[in-house]
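Contents: one structure, followed by commentary.
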Amino acid sequence: MWIDCKPLAKAIEKNIKERINSLNITPKLVSVVSKDDPSIMSYLKSQGKKAEKLGISFEVIKVPPKSLLSSLNELAKDKSVSGIFIARPLPEELEEKDVFAAVPVEKDVEGVNPANLGSLIYGEELFPPCTAEAVVKILENVTELPGKRITIVGRSVTVGKPLSIMLLKRGRDATVTVCHSKTQNLVKLTKESDIVVVAVGKAHFLKKEMVKEGAVVIDVGINYVNGKWCGDVDPSVERVGYVTPVPGGVGQITTILLFDHVVRAAERQTG
Ligand SMILES: NC(=O)c1ccc[n+]([C@@H]2O[C@H](COP(=O)([O-])OP(=O)(O)OC[C@H]3O[C@@H](n4cnc5c(N)ncnc54)[C@H](OP(=O)(O)O)[C@@H]3O)[C@@H](O)[C@H]2O)c1
């Protein structure tokens, strides 16, 4: 069965609009681009449309790679800017970790600054990475987490690793296994799990034979194959478990949570 994420998306949007109404400023997101890439610009265009719909001010600034760090410095000081988004992929000459460390913690709405990521260890989720938070929110919306066996396939800095920490948090209390390309007996691990999260980046990677009956499956993957978007989960899994669709699942919630963080940043900045 497919998991319908629209009601959750609508509820978060409604909450964002209510909070904006009680602010005395218009929250502002600035997206910084330092690479010429049509897919980045098309993504930012849809980000701008979403911002407008929610009542959030939005600006794209283009900077050459060598000026990116100094631009981030300027944006840190600019009181009109609530949150900063770094468009990726970054140019090859830039080290992702250095760029993320230069995003001021209080404007780090993507949750990529090492200080925000490190706070997760202490159970603090000021700005958790949006995709990891989207997975947690979807799971909390459809199932109980305490004691559940969860397998995450993928150990990236923005999805798998932070998600594993967030699911271990007291109160969520899941039992978490994180897998990667060197994991042995992956099928045994996924098949034994109540919940499987797949963030691998390979179309239709998780097959129905890898999932137990009634499991919840969260598909983080975004792949473009034969002119269509698809996830990391084979559509046949929907016949044995509860699966988030692609598009319309994790991605949809991730986008909205970015704006939720922009409003949170504005709330904190205005006291
Ligand atoms: N919906 C959203 O908002 C959203 C956000 C972010 C990413 N995504 C999508 O999610 C997918 C993953 O993104 P990411 O940034 O997390 O990816 P990533 O950094 O490329 O990491 C992929 C992970 O998959 C693991 N992997 C690769 N082949 C595997 C295999 N055969 N068996 C087990 N594990 C395997 C890799 O293992 P190693 O570590 O050993 O290499 C790595 O940990 C992509 O499709 C991306 O577009 C979606």
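Couplings 3J(HN,Hα) for segment 94-106, derived from phi with the Karplus relation 6.51 cos²θ - 1.76 cosθ + 1.60 (θ = phi - 60°), are 9, 8, 3, 4, 5, 5, 5, 5, 8, 7, x, 3, 6 Hz, where x marks Gly and Pro. Between residue 15 and residue 170, the simple label model (points 7 Å from Cα in the Cβ direction) yields a spacing of 2.2 nm.
Residues whose amide H falls under 5 Å from that of residue 153, counting only those 5 or more places apart or on a different chain, are 179, 197, 198, 199, with hydrogens built in the peptide plane. Comparing 91, 257, 127 along the charge dipole axis of the chain, the residue lying farthest to the positive side is 257, per the Cβ-charge model.
Dividing the mean sequence gap of close Cα pairs (under 8 Å, 6+ apart) by how many residues segment 137-191 holds gives a relative contact order of 38 percent.
When the C-alpha to C-alpha distance is required to be over 19 Å, the pairs from 148/169; 45/107; 50/228; 10/228; 62/228; 148/188 that qualify are 45/107; 50/228; 10/228; 62/228.
Determine which residues of segment 210-232 fall in the zone a paramagnetic label at residue 191 would reach in this model, i.e. backbone nitrogen under 12 Å from the point 7 Å along Cα→Cβ. Residues 210-213 qualify, since their backbone N sits under 12 Å from the label point.
Could you tell me what % of all Cα pairs in segment 1-102 have separations over 17 Å? Walk me through the intermediate numbers first.
Details: 3068 of 5151 pairs.
Pairs farther apart than 17 Å: 60 percent.
Over the chain, DSSP H runs of length four or greater, each weighted -39,500 (n - 2.57), average out per residue to a 222 nm ellipticity of -11500 deg cm²/dmol.
Computed from label points 7 Å out along Cα-Cβ, the spacing between residue 157 and residue 141 is 2.9 nm. Projecting the Cα atoms of 203, 217, 162 onto the charge dipole of segment 130-252, computed from C-beta unit charges around the Cα centre, puts 162 farthest toward the positive end.
Note on the chain: antiparallel DSSP beta bridges, both residues inside, total approximately 10 percent of the bridges counted.
Given a Förster distance of 45 angstrom, what is the FRET efficiency for residue 76 paired with residue 209, based on the Cβ-Cβ distance and rounded to 0.05? Could you put the intermediate results ahead of the total?
Values: r = 50 Å, r/R0 = 1.11.
So, using R0 = 45 Å, E works out to roughly 0.35.
Using alpha-carbon pairs under 8 Å, 6+ residues apart, how would you state the relative contact order of the chain in percent?
Numbers: 510 pairs, mean separation 56.7, N = 271.
Reported as a whole number, the value is 21 percent.
When you count the other C-beta atoms within 10 angstrom of each residue and take the mean per peptide, 90-96, 229-235, 116-122 line up highest first as 229-235, 116-122, 90-96. Inter-label distance, residue 1 to residue 22: 3.5 nm, where each label sits 7 Å from its Cα along the C-beta direction. For segment 165-271, the relative contact order works out to 20 percent when only alpha carbon pairs closer than 8 Å and six or more residues apart are counted.
When N counts the residues of the chain, how does its alpha-carbon radius of gyration compare numerically with 2.2 N^0.38 Å, as a ratio?
On the way: Rg = 18.6 Å, N = 271, 2.2 N^0.38 = 18.5 Å.
After normalising by residue count via 2.2 N^0.38 Å, the value is 1.01.
Values in this text are rule-based calculations from the coordinates and carry no lab data. In this text the structure is predicted, and so the values were computed from the model without any measurement. A quick note on method: Cβ atoms are made from the backbone with ideal geometry, for glycine too, and the neighbour counts reach across all protein chains shown.
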